[in-house]
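**Student:** After the structure tokens below, expect a handful of questions from me.
Throughout, read-outs are computed from the coordinates displayed, never taken from laboratory work. A quick note: this is a predicted structure, and the numbers were derived from the prediction, not measured. So basically every Cβ, Gly included, is an ideal-geometry build from the backbone, and we count neighbours across all protein chains shown.
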Amino acid sequence: MFDNLSERLAATVQKLKGQGRLTEANIEDALRDVRRALLEADVALAVVREFIAEVKQKALGADVLTSLSPGQVFIRIVNDELVRLMGEHNEALDLAAQPPAVILMAGLQGAGKTTTVAKLAKHLRERHRKKSLLVSCDIYRPAAIEQLKTLAAQIDAEFFPSDISQKPEAIALAALDYARRHYIDVVLVDTAGRLHIDAEMMAEIQQIHAAVKPVETLFVVDSMTGQDAAITAKAFNDALPLTGVILTKTDGDARGGAALSIRQITGKPIKFMGAGEKVDALEAFHPERVASRILGMGDVLSLVEEVQQKTDHAKAEKLANKVKKGKSFDFNDLRDQFEQMQNMGGMAGLIDKLPGMGKMSAQIKDKVNDREIRRMIAIINSMTAKERSFPDIIKGSRKKRIATGSGLQVQDVNRLMKQQLQMKKMMKKMSKGGMAGMLRSMKGQLPPGMGPGF
């Protein structure tokens with residue numbers, strides 16, 4: 001997300017770095033570039049105009065014009081305005097209500113509402129220790145009810161059955177009554193979507209809202225629709241008292257116009273953003289962290305939270321003890337590392353959160369993408385248990401068998417074996433010289449400025 005905007009803003013700041021000081025002339029040039037970058041990111045025109053006016057006013061201040069580091073000052077102003085535009089800070093769900101608290105999900109068909117219901121239930125259980133009941137009021141698509149039932153089983157959440165012969169309002173009330181009797185904390189109500197906004201749809205969801213009186217009414221919207229997402233959100237907000245927005249499919253959106261337009265147009269905060277189909281691909285929306293990503297400064301806090309949440313600590317401790325004892329790093333360990341990486345959103349998700357990796361992300365994504373990781377896991381899975389534990393026994397005939405079993409070529413197996421060998425050497429040096437030893441062993445493979453004593 002924001003790849004195109006990040007590249008354009010980075011180029012603008014780079015131009016300013018060559019200037020001795022900020023002047024009205026070079027500020028105008030920079031703002032012209034920023035305006036063009038925002039419009040190309042499909043940010044709403046009214047939002048772009050206000051953003052540029054605010055940045056210009058601050059950039060022409062006396063303190064800025066006398067600064068000796070124009071690039072840094074300008075990027076700080078842009079960062080502050082991006083944060084203000086997206087809402088200053090994360091606005092958490094308001095669950096301070098007599099249980100069960102009801103969360104009503106609204107949105108158009110195809111926005112990913114049903115999947116988001118499951119993601120939110122998983123998030124509530126893992127982060128807030130809340131037990132959720134999932135219910136579908138979509139009587140127009142039997143597949144939607146079945147999909148939610150399947151997802152509920154997948155995340156080990158309770159599902160309230162519904163049927164296309166029932167009225168949506170009656171389904172929601174029955175689910176609420178069940179939740180009360182079974183001491184459930186949160187009821188997540190999935191409503192019907194349409195291909196476009198219509199009076200019938202709005203009347204139906206208004207009836208459900210009046211019946212269950214939700215503490216949160218969240219609008220789920222596809223971020224790839226750009227500024228149209230903000231326009232649709234405004235239409236829903238006019239019909240319903242929305243409390244927030246969830247952006248979906250952010251992994252497929254290189255522009256980011258929706259994220260930068262919604263708050264300003266609707267006045268409602270973006271509370272979460274989803275990336276991908278996996279049920280754990282949902283993260284709280286922190287404007288200050290997102291602004292940092294846009295400007296290529298990474299998002300270390302989100303990365304740390306993700307590692308703490310999604311890392312298998314037992315496996316990590318086992319590997320650490322193995323390294324300390326100087327034991328060999330085998331294919332079982334390598335597969336564990338690949339799987340942990342996938343749990344954290346894959347290579348693309350990790351790179352986006354690392355400071356200074358903005359310029360490199362496109363190149364690295366091409367070379368080491370998530371499809372490549374899946375291929376490497378397939379190769380390891382084609383090995384016998386003995387081969388995974390003792391890589392040295394893998395010779396010619398074994399390589400051919402492993403390649404055939406994974407549907408790949410012998411050279412792919414060779415490439416993976418080389419990678420395992422490099423990791424093995426790195427771990428050996430780390431066991432002897434700690435982190436400094438590992439960094440020395442990686443010399444030449446790290447970005448400039450990183451290494452012992454950086």
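**Student:** Just round it to a whole percent: the fraction of Cα-Cα distances in segment 101-296 exceeding 19 Å.
**Tutor:** Tail of P(r) above 19 Å: 56 percent of Cα pairs.
**Student:** Also, quick follow-up: Which entries in Lys15/Lys418; Lys149/Lys249; Lys167/Lys271; Lys119/Lys400 show an alpha-carbon gap greater than 32 Å?
**Tutor:** The pairs that break the limit, which is 32 Å between Cα atoms, are Lys15/Lys418; Lys119/Lys400.
**Student:** State whether segment 131-180 is rounded, prolate or oblate according to the following rule on the C-alpha gyration tensor (a ≥ b ≥ c being the square roots of its eigenvalues): a/c under 1.5 gives rounded; otherwise a/b larger than b/c gives prolate, and the remaining case gives oblate.
**Tutor:** Cα axes put segment 131-180 in the oblate bin.
**Student:** Taking Cα atoms of segment 117-201, Rg/Rh with Kirkwood Rh, to two decimals?
**Tutor:** Ratio of gyration radius to Kirkwood radius: 0.98.
**Student:** Could you list which residues have their amide H under 5 Å from that of Asp222, counting only those 5 or more apart in sequence or on another chain, with H placed in the peptide plane?
**Tutor:** Residues meeting the amide H criterion: Thr248.
**Student:** Something else now. For a paramagnetic label modelled at 7 Å from the Cα of Arg374 toward its Cβ, which residues of segment 261-297 fall within the zone defined by backbone nitrogen distances under 19 Å?
**Tutor:** Backbone N within reach: 275-282.
**Student:** Continuing with the same structure: Cα-based Rg (one decimal) and Dmax (whole number) for segment 36-149, in Å?
**Tutor:** Over segment 36-149's Cα set, Rg and Dmax evaluate to 21.7, 65 Å.
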